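Participant: Take a look at the following structure, please.
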Amino acid sequence: MKHLSKLAGLFLLAFLVSCGGKEEKKEKDGFQYDRTKKTESSTSSDSNDIVLVSDDLMKFNKAEIKVKAGKKVKLTLKHIGKLDKKIMGHNFVLLAEGVDLVDFATEAATARDNEYIPENSSDVIAHTKLIGGGETDVIEFDAPAPGVYEFICSFPGHYGLMQGKFIVE
Ligand SMILES: [Cu+2]
């Protein structure tokens, strides 16, 4: 009898171990949800010619833009979606150094009559106009001093997904 209960104990142990193993596997599978997919980053070239693409999924195709200091930047913003700019409008807004992204975006969201750019704001280095699906806007501006800046789309609610680093080197 004693022997039998020992056997049962072993069986129970084996059962527990196998369950534990299953759980571990489950956890491993969970990592597939990890959104580490790298966003395409721009290749820095001498021309400072940047093409930034946006879409109906509220995304920019770049999380990082690199330019050379002391040169003009030509930035082309494309919207390859179909939705109207009133629904899925996008712009590119380059924020001055030290500007709080969330504070700025919150203020910008109230500036509907000015395409979500706060008027007379010193927080903005450069920006495109607001565009809808199928539209393109091109701007040129002097690259600011070397450093890391932030860019966003200031359409209400978009900055969470539509933001990135603008690196001047
Ligand atoms: Cu947007």
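The values are calculated or read from the model by the stated rules, or taken from the named source; none is laboratory data. Owing to the predicted nature of the structure, the values given are computational and were not obtained by experimental measurement. Counting neighbours? That spans all protein chains shown, and the Cβs are built from the backbone with ideal geometry, glycine included. The area values use the complete protein model at the heavy-atom level, side chains included, leaving out ligands, DNA and RNA. Shrake-Rupley method; radii C 1.70, N 1.55, O 1.52, S 1.80 Å.
Participant: Do we have Met58 as modelled with pLDDT of 95 or more, touching a helix residue (DSSP H, G or I) at 6+ places or on another chain (Cβ under 8 Å) and within 16 Å of the ligand (Cβ to nearest atom) here?
Facilitator: Considered against the rule, which asks whether it is modelled with pLDDT of 95 or more, touching a helix residue (DSSP H, G or I) at 6+ places or on another chain (Cβ under 8 Å) and within 16 Å of the ligand (Cβ to nearest atom), Met58 comes out as yes.
Participant: Output the residue which, of all residues in region 85-119 that are of a type in the set (Val, Ile, Thr) and in contact with a His (Cβ under 7 Å, 6 or more places away or on another chain), is surrounded by the fewest Cβ atoms within 10 Å (Cβ to Cβ).
Facilitator: Going through the qualifying residues, I end up with Ile117.
Participant: With (1) over 18 Å from Leu52 (Cα atoms); (2) β-branched (Val, Ile, Thr); (3) without any contact (Cβ under 8 Å) to a residue 24 or more places away in the chain as the list, and Val102 as the residue in question, which single condition is left unmet?
Facilitator: That leaves (3) as the condition not met.
Participant: Could you please tell me which pairs satisfy a Cβ distance under 7 Å, a separation of 6+ or placement on different chains, a first residue in region 78-92 that is closer than 9 Å to Ile131 by Cβ and within 10 Å of the ligand (Cβ to nearest atom), and a second residue that is in a loop (DSSP other than H, G, I, E, B) and open to solvent by 70 Å² or more (accessible area, probe 1.4 Å)?
Facilitator: That search, which allows pairs on different chains as well, returns His79/Glu135; Asn91/Lys129.
Participant: Please specify each residue of region 120-169 satisfying the condition of being open to solvent by 50 Å² or more (accessible area, probe 1.4 Å), free of Cβ contacts under 8 Å to residues at least 24 places away in the same chain and farther than 13 Å from Met58 by Cα.
Facilitator: Asn120, Val148
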